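Heads up, the thing below is written out as structure tokens.
The values are calculated or read from the model by the stated rules, or taken from the named source; none is laboratory data. Remember, it's a predicted structure, so these values are computed and weren't measured experimentally. Every residue, glycine among them, receives a Cβ derived from its backbone with ideal geometry; neighbour counts consider all protein chains shown.
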Amino acid sequence: MNDHPFPTQLIQELRQAGHIAILTGAGISAESGVPTFRDAQTGLWARYSPEELATPQAFRRNPRLVWEWYAWRRELVAKAEPNPGHLALAQLEAYFTARNGRFTLITQNVDGLHQRAGSQNVIELHGNINRTKCFEEEVIVEAWPPTDDVPPACPYCGGYLRPDVVWFGENLPAAALVAASTAAQMCDVFLSIGTSGLVQPAASLPYLALRHGAVVVEINPDETSLTAQATYVFNGPAGQVLPVLWQALTLNS
Ligand code: BV8
């Protein structure tokens, strides 16, 4: 009798996998206190939806509002800590790479918590809120003179600075999308964790994995459009399910 909830077959498939791919969404950071996109916006931001603020049009219309929204989120993320779900994924990466397996972590999140948890090979499909770039030239800007201007000006061209994240209507970084799509096609097991699967093209990755014969595992307290097609579904919070999966995988191995 297993003292964990995972089917023996899944544990075997994970142990025998040559390539594991993982897609995470905002749900894996929920237990770190970072609100998901489905959560209602709080306080000052309650009257806006992320889709309204996370666009180039919103920035052109009101650069101060959008910059301040990201400044508020940056502060919130800086105070957040990686949770046991993030830490378990970093342990899983070390476990598989130590056995010469391939482990690809693809995230839709922009909070950088996977890296802070120790994950080494992270594909950021939607950028990173802690990086800043020039709105005009798209170059990353690491420092700029102190200023009261909001948003601050690019020290090179004088245009506005903006967060280095992918807004709705903007293309994803080509290299990241190619790497993520390749991993989805090549992997033996694909885990979709903490994502509602509503935002494209990220949401297509689990189906790409299914079409290429991968075992697909969904970890989410709620049902999503993937649930009916996933090979295994675990309806629970990532911060609880992943540490138990890690223990089950490494038990007697
Ligand atoms: C693109 C960065 C080509 C910014 C994000 C019209 C015009 C233009 C484009 C479109 C259009 N119509 C559709 C599109 C495509 C559009 C899109 O998909 N729109 C949706 C709304 C329909 N996509 C794009 O625009 C993409 N680019 O297509 O380029 C193009 C170019 C021009 C014109 C056409 C096409 C760019 C998309 C990237 C947007 N940027 N983030 C920022 O963060 O501010 S997306 C952002 O939202 C996140 O990064 C994330 O990807 C997404 C939220 O999704 P989730 O991560 O899944 O989070 P969510 O809150 O939804 O769900 C959380 C889940 O966790 C829930 O299921 C919950 O149950 C679960 N959960 C909760 N607690 C836990 C948990 N799970 C586990 N454990 C827990 N404890």
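Residues checked against (1) aliphatic (A, V, I, L, M); (2) surrounded by fewer than 17 Cβ atoms within 10 Å (Cβ to Cβ):
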site	(1), (2)
Pro221	no, yes
Thr224	no, no
Val233	yes, no
Pro237	no, no
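Looking only at segment 25-49, how many residues end up being modelled with pLDDT of 85 or more and crowded, with 16+ Cβ neighbours inside 10 Å?
Quick first cut of segment 25-49, residues modelled with pLDDT of 85 or more only: 25-36.
In the following step, the residues that additionally are crowded, with 16+ Cβ neighbours inside 10 Å were identified as 25-32, 34-36.
Qualifying residue count for the region: 11.
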Note to self: For segment 73-111, give me each residue that is in contact with a helix residue (DSSP H, G or I) (Cβ under 7 Å, 6 or more places away or on another chain) and either assigned to a helix (DSSP H, G or I) or among the small types (Gly, Ala, Ser) (or both).
What the structure shows: Ala80, Pro84, Gly85, His86, Leu87, Ala88, Leu89, Ala90, Gln91, Leu92, Tyr95
Margin query: So, in segment 13-24, exactly how many residues are buried (at least 16 other Cβ atoms within 10 Å of the Cβ) and under 22 Å from Pro243 (Cβ atoms)?
Written below: 8
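For residues that are within 9 Å of the ligand (Cβ to nearest atom) and farther than 13 Å from Arg74 by Cβ, tally how many sit in segment 126-172.
Taking segment 126-172 as the starting set, the residues that turn out to be within 9 Å of the ligand (Cβ to nearest atom) are 126-127, 129, 163, 165-172.
So of that shortlist, the ones also farther than 13 Å from Arg74 by Cβ come out as 126, 166-172.
Of the residues in segment 126-172, 8 are within 9 Å of the ligand (Cβ to nearest atom) and farther than 13 Å from Arg74 by Cβ.
Do you know which of the residues in segment 97-125 that are without any contact (Cβ under 8 Å) to a residue 60 or more places away in the chain and in contact with a Gly (Cβ under 9 Å, 6 or more places away or on another chain) is farthest from Arg74 (Cα to Cα)? Before the answer, list the steps.
To start, the set of residues in segment 97-125 that are without any contact (Cβ under 8 Å) to a residue 60 or more places away in the chain comprises 97-100, 110, 112, 115-122, 124.
Retained after the next criterion (residues that are in contact with a Gly (Cβ under 9 Å, 6 or more places away or on another chain)): 100, 110, 117, 122, 124.
Details: Asn100: 36, Val110: 10, Ala117: 17, Val122: 19, Glu124: 16 Å.
My answer is Asn100.
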Notebook entry, point to check: Considering only residues of segment 188-209 that are hydroxyl-bearing (Ser, Thr, Tyr) and within 11 Å of the ligand (Cβ to nearest atom), which is nearest to the chain's Cα centre (by Cα)?
Noted result: Thr195
Note to self: All but one of (1) buried (at least 20 other Cβ atoms within 10 Å of the Cβ); (2) farther than 27 Å from Glu68 by Cα hold for Leu210; state the number of the condition that does not hold.
What the structure shows: (1)
Note to self: in contact with a strand residue (DSSP E or B) (Cβ under 7 Å, 6 or more places away or on another chain), over 17 Å from Trp167 (Cα atoms) and hydroxyl-bearing (Ser, Thr, Tyr): is that true of Thr104 in this structure?
What the structure shows: yes
Next item on the list: Take Arg60 and decide whether it is assigned to a strand (DSSP E or B), surrounded by fewer than 16 Cβ atoms within 10 Å (Cβ to Cβ), within 16 Å of the ligand (Cβ to nearest atom) and free of Cβ contacts under 8 Å to residues at least 60 places away in the same chain.
Entry: no
Check: For Val77, which of the numbered conditions (1) surrounded by 13 or more Cβ atoms within 10 Å (Cβ to Cβ); (2) at pLDDT below 95 fails to hold?
Finding: (2)
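From Ala174, Ala228, Ala238, grab the single residue that is in contact (Cβ under 8 Å) with a residue 40 or more places away in the chain and either over 18 Å from Asn109 (Cβ atoms) or in contact with a strand residue (DSSP E or B) (Cβ under 7 Å, 6 or more places away or on another chain) (or both).
Numbers: Ala174 fails: in contact (Cβ under 8 Å) with a residue 40 or more places away in the chain; Ala228 fails: in contact (Cβ under 8 Å) with a residue 40 or more places away in the chain.
So the residue among Ala174, Ala228, Ala238 that is in contact (Cβ under 8 Å) with a residue 40 or more places away in the chain and either over 18 Å from Asn109 (Cβ atoms) or in contact with a strand residue (DSSP E or B) (Cβ under 7 Å, 6 or more places away or on another chain) (or both) is Ala238.
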